[in-house]
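Some notes on the structure that comes next.
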Amino acid sequence: MNTLSRRGFLAASAAAIAAAQMPRLAFAQTDSPVTLSAATRTLDINGRAATVFGLAGPGGQGLVLDPGQMFRVDLKNDLDVATIIHWHGQIPPNAQDGVPDMPMPLLAPGETRSYDFDARPGTHWMHSHVPTQEMQLLAAPLIVRSAEDVAADRQDVVMFLHDFSFKAPEEVLAEISGGHGGGHGAGHGAGAEPDQGAAMGGMGAMQGMDHGAMGHGAIGGMPMGNMPGMSGMMGMGGQMGDMAMDLNDYDWDAYLANDRTLSDPEVVQVERGGRIRLRVINAAAATVFWIETGGAEARLVAVDGHAVQPLAGTRFGLAMGQRMDIEIDLPNEGGAWPILALREGARERTGLILATQGADVRRLDAMAETEAPAFDTDLAQESRLIARDALPDRPVDRSQMLMLGGSMKPYVWTINGAVWGQHQPITARRGERVVLSFHNMSMMAHPMHLHGHVFQVVGLNGRRVAGALRDTVHVPPMSMVDVALDAGEAARWMLHCHHMPHLATGMMTELAVTASV
């Protein structure tokens, strides 16, 4: 292994101070709005220039807000295409939520739109709600610090993960929908050629495609009356009964941590014996990662911005759209500690390196020797997460079933048998306690994200749990996850899969909340 040059180490350390260590920024005053710009930028990805999108604030990519600071932002569109930004993990008024035409239109090039709402503390992020734009890295961290964060004697480090292709996202979607994505998973890649144009239609995807075979009487080609049992179906090696699970439906050109690959990773300067709060954000379009701390003692302390009872370990999984806070206690000695993100079911990896001053920082191969396993197929990790501040106990007013379906051929993904535009809204009244039951009858996992609400995981494969508070929950193949929430503002709130090709091909519905009587 090669040692990184001193110049590379110093440059990386400078970047770490700006981006990962996250000092108090100059915009901590609560009166004046912060300007956030959606703009293009150029990255060096494995020695090749890549023009991508980004969200630039006063301190670089993303925003850091201090305790009590309002989310008071002027969003300027400096791109040459219309866009709209969703504040993932925040609960703004519905009009500021950031979904095309629900209710606000896309932001035209050159246009500025103002946002003003109470910020929720925790590790969150922000991204375009146009799938092809998120695939072009129009996303950034959104960290809202708590009073505890400010008082604690620990160093904040952000690890922002993405998958990347040099190809245009429309071309990537066309390859995936055509069954030529090259991803891992037995049974992938063969079959009929679907209407490729449908995958490229963004939010209005799948219009005009014949959905006769995907009607309400079947989910994923399986008649509802003949569905197998939900538990005990997962075997070894990604096999479920006689069916093969599809883990990854595209092989990306690079996997990024803070816009960098392991050929030139970010090196974050840390102190001997120091405590780190590692804020990991999975902003990938279609990749689940395992976060591995290696020789550093670690414990998971929060998911999706909400505290959980500390869970010790050195490897934790993270689906698209999810976040996790990991506390790491470094040894009282000099050294370098790689924090790696391993692509599930594959050998690719990315990450960053924590290093004390003068430490010998070794170069790491972007390919591991062995494939990482599939993530949480038995919901073992989710079952170990317990909210520190659970929802209050109260009777359930309404229960709703959501069947998650779809197939690799044709590449169509549905909720309750329908794609967006042909969907039946999930309904609730403001203030009701609602339980949503996600039943995944497809052979791919789905990270399900609900806008405008926090929910608690209360059931895993029919077993009651007092699980984590979240806004995005990973539902493995042939599994069921129940979540409880209290219905919020009377409005239309998006509910969708955070796998961008699934979203682009229609895997979205809405929670339509009406005013209470």
Taking only the range 452-474 into account, find how many residues are open to solvent by 10 Å² or more (accessible area, probe 1.4 Å), among the small types (Gly, Ala, Ser) and within 16 Å of residue 392 (Cα to Cα). 1
So residue 343, is it open to solvent by less than 20 Å² (accessible area, probe 1.4 Å), among the basic types (Lys, Arg) and within 23 Å of residue 270 (Cα to Cα): no
Restricting attention to the range 125-136, does a residue exist that is over 30 Å from residue 253 (Cα atoms) and open to solvent by 10 Å² or more (accessible area, probe 1.4 Å)? no
Residue 142 touching a Leu at 6+ places or on another chain (Cβ under 8 Å) and among the hydrophobic types (A, V, I, L, M, F, W, C): yes
Residue count for the range 80-92, restricted to those that are out of contact with any Lys or Arg (no Cβ under 7 Å at 6 or more places or on another chain) and either open to solvent by less than 10 Å² (accessible area, probe 1.4 Å) or among the hydroxyl-bearing types (Ser, Thr, Tyr) (or both): 7
In the range 250-281, how many residues are of a type in the set (Lys, Arg) and out of contact with any Ser or Thr (no Cβ under 6 Å at 6 or more places or on another chain)? 3
Counting only residues in the range 296-324 that are at pLDDT 95 or above and among the charged types (D, E, K, R), the one surrounded by the most Cβ atoms within 10 Å (Cβ to Cβ) is identified as 323
Would you check if residue 281 is among the β-branched types (Val, Ile, Thr), in contact with a Pro (Cβ under 7 Å, 6 or more places away or on another chain) and open to solvent by less than 10 Å² (accessible area, probe 1.4 Å)? yes
Here is a list: 32, 13. Which entry is of a type in the set (S, T, N, Q), at pLDDT below 95 and surrounded by 15 or more Cβ atoms within 10 Å (Cβ to Cβ)? 13
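The values are calculated or read from the model by the stated rules, or taken from the named source; none is laboratory data. This one's a predicted model, so the numbers in the text were calculated from it and none came from an experiment. Positions of Cβ are backbone-derived with ideal geometry, glycine not excepted, and every protein chain shown enters the neighbour counts. All accessible areas refer to the heavy atoms of the entire protein, side chains included, with ligands and DNA or RNA removed. Shrake-Rupley method; radii C 1.70, N 1.55, O 1.52, S 1.80 Å.
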